[in-house]
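The structure under discussion appears below in the form of structure tokens.
The values are calculated or read from the model by the stated rules, or taken from the named source; none is laboratory data. Note that the structure is a prediction, hence the values are computed from the model and not measured. Cβ sites come from the backbone with ideal geometry, for glycine too, and all protein chains shown count toward neighbours. All accessible areas refer to the heavy atoms of the entire protein, side chains included, with ligands and DNA or RNA removed. Shrake-Rupley method; radii C 1.70, N 1.55, O 1.52, S 1.80 Å.
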Amino acid sequence: MKKEGVLADMKSLGAVAVVRAQDEDEALEQVWGCVKGGLNAIELTFTTPFAHRVLERLAREFGPRILLGAGTVLDSEMARVAMLSGADFIVSPHFDEEIVKTCRLSRKAVICGVVTPTEVMRAMEAGCDILKLFPAGPLGPDYLKALLGPFPYAQIMPTGGISTENAGDWIKAGAVAVGAGGSLMKGDITQNARELLARIRAAREEKKCLYRSGK
């Protein structure tokens, strides 16, 4: 899928499932659970053993049914490996200009980790498609609101500490999507995915109503 389509679908969905598995079988189980729940944007972290092989298998088995990304990408070489293994988008926990350059040259979507206003500005200038506010949990939705004050056009996806219970708060604070991992994979993954997406849809609808009423 083209970069523009990946970004549009990801933002429309409103969530990315962060799969951080111990092995290939666990990764596949988590991805299937998310897909059955309607959550087809998948970020497989490179902390997963032999992550490039797992990416290749996911690309073969799911094909265009999922948006397949690689996460915890630490440098440009890792980004190249991920893209060659089938990743449609790259996610790093930090801002690295070389990762951004590599992705832009390959016409792949890139999501870089940021926390401070300086990092937000540098990432936007470099051409990051979405900014990953990480770790979001300790900061809270009010911090996102504060960041969007001077950067109203920033496309921000909080990740780390996101759950079905608080996902809606982040959307109402201005997030274009959320990245959910640990809490999503506990218990019934399919039901968790459905509930997460339902909370996001409800938050977006509430935000629209508030906007229309002028509040």
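A cut-off under 15 angstrom between Cβ atoms defines the neighbours of V73, and their net charge, with Lys, Arg +1 and Asp, Glu -1, is -2.
Could you tell me the center-to-center distance, by alpha carbons, between region 118-186 and region 1-21 in angstrom? Rounded to whole Å, the Cα centres lie 14 Å apart.
Remark on V16: its backbone amide H falls under 5 Å from those of V178, G179, A180, a criterion applied only to residues 5 or more positions apart or on other chains, H modelled at 1.01 Å from N. Length gained on full extension, E97 to R53: 13.2 nm, using 0.36 nm per residue less the C-alpha separation.
Counting other Cβ atoms within 10 Å, keep those with at most 11, restrict to DSSP loop, and tell me which chymotrypsin sites (Phe, Trp or Tyr not before Pro) in region 150-215 are left.
Values: sites: Y153, W170, Y211; in loops: Y153.
Listed in order of number, the matching sites are Y153.
With the full set of protein chains in place, find how many percent of the accessible area of the chain is carbon and sulfur; take the probe as 1.4 Å. Result for the chain: 53 percent of the exposed heavy-atom area is carbon or sulfur.
S85 sits among other residues whose Cβ lies under 14 Å from its own Cβ, and their net charge, with Lys and Arg +1 and Asp and Glu -1, is -1.
Of the residues L7, V31, T116, the one whose Cα sits farthest towards the positive end of the charge dipole of the chain is L7 (charges of +1 on Lys and Arg Cβ, -1 on Asp and Glu Cβ, taken about the Cα centre).
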